[in-house]
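**Q** Below you will find the structure I want to go over with you.
The values are calculated or read from the model by the stated rules, or taken from the named source; none is laboratory data. These numbers were taken from a predicted model, which means no experiment stands behind them. Virtual Cβ from ideal backbone geometry, glycine too; neighbours counted across all protein chains shown. Accessible surface areas use protein heavy atoms only, side chains included; no ligands, DNA or RNA. Shrake-Rupley method; radii C 1.70, N 1.55, O 1.52, S 1.80 Å.
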Amino acid sequence: MPQNIGDNVIQEEGIARITPEDSKRLARYLLEPGDIVYSRQCDVERRAWVREEQTGWICGTGCLRVRLGSSADSRFMSYYLGHPDVEPGLCSMP
C-alpha cells in the first residue's frame, strides 16, 4: 500500500496481509525482484525498488507496478527516477 512505500524501499511495519488463497487469485499482481512500485494516490513521486526478499508480495490497488525489460538496470532506474531533477517531470505528465 502507498503508506508502506519509503524512500526507494518497502517498509514492512504495519503492512497489510492477505491469505494464501487470495494470493493465488491475485497472482497477476505478484511482485518480482527489480520491480518498481509507485503510489497511485496522494504522493505519486513515492517509489520503492522491490528486493529479492519481497518476491511474491502483492502490489496493492493503491500502487502501480513498473517492470522493466531484462536489459535495463531497474535499481539504477528507480534511483534515477527519484532524482530531484527528474521527479518534477513525472508529475507534469498528462
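**Q** Of all residues in region 65-76, which are at pLDDT below 90 and either open to solvent by 90 Å² or more (accessible area, probe 1.4 Å) or under 9 Å from the mean Cα position of the chain (by Cα) (or both)?
**A** Ser70, Ser71 - these are the residues of region 65-76 that are at pLDDT below 90 and either open to solvent by 90 Å² or more (accessible area, probe 1.4 Å) or under 9 Å from the mean Cα position of the chain (by Cα) (or both).
**Q** Do you know which residues across region 27-40 are part of a loop (DSSP other than H, G, I, E, B), of a type outside the set (Asp, Glu) and at pLDDT 90 or above?
**A** The initial filter retains those residues of region 27-40 that are part of a loop (DSSP other than H, G, I, E, B), namely 31-35, 40.
This time we only want the ones that are of a type outside the set (Asp, Glu), so: 31, 33-34, 40.
Passing the criteria: Leu31, Pro33, Gly34.
**Q** A further question on this structure: Filter region 36-57 for residues that are in contact (Cβ under 8 Å) with a residue 12 or more places away in the chain and either open to solvent by 50 Å² or more (accessible area, probe 1.4 Å) or at positive phi (or both) and give the result.
**A** Of everything in region 36-57, those that are in contact (Cβ under 8 Å) with a residue 12 or more places away in the chain and either open to solvent by 50 Å² or more (accessible area, probe 1.4 Å) or at positive phi (or both) turn out to be Arg40, Gln41, Cys42, Asp43, Val44, Glu45, Arg46, Glu52, Thr55, Gly56, Trp57.
**Q** Within region 1-26, track down each residue that is in a loop (DSSP other than H, G, I, E, B), of a type outside the set (Val, Ile, Thr) and closer than 26 Å to Asp73 by Cα. Don't jump to the end; show me each part of the working.
**A** We begin by selecting, within region 1-26, every residue in a loop (DSSP other than H, G, I, E, B); these are 1, 6-7, 9, 11-19, 26.
Among the residues that remain, those that are also of a type outside the set (Val, Ile, Thr) are: 1, 6-7, 11-14, 16-17, 26.
Selection gives Met1, Gly6, Asp7, Gln11, Glu12.
**Q** Mind checking which residues of region 10-26 are aliphatic (A, V, I, L, M) and open to solvent by 50 Å² or more (accessible area, probe 1.4 Å)? Write out each step before concluding.
**A** Applying the first criterion (aliphatic (A, V, I, L, M)) to region 10-26 yields 10, 15-16, 18, 26.
Scanning region 10-26 gives Ala16, Ile18.
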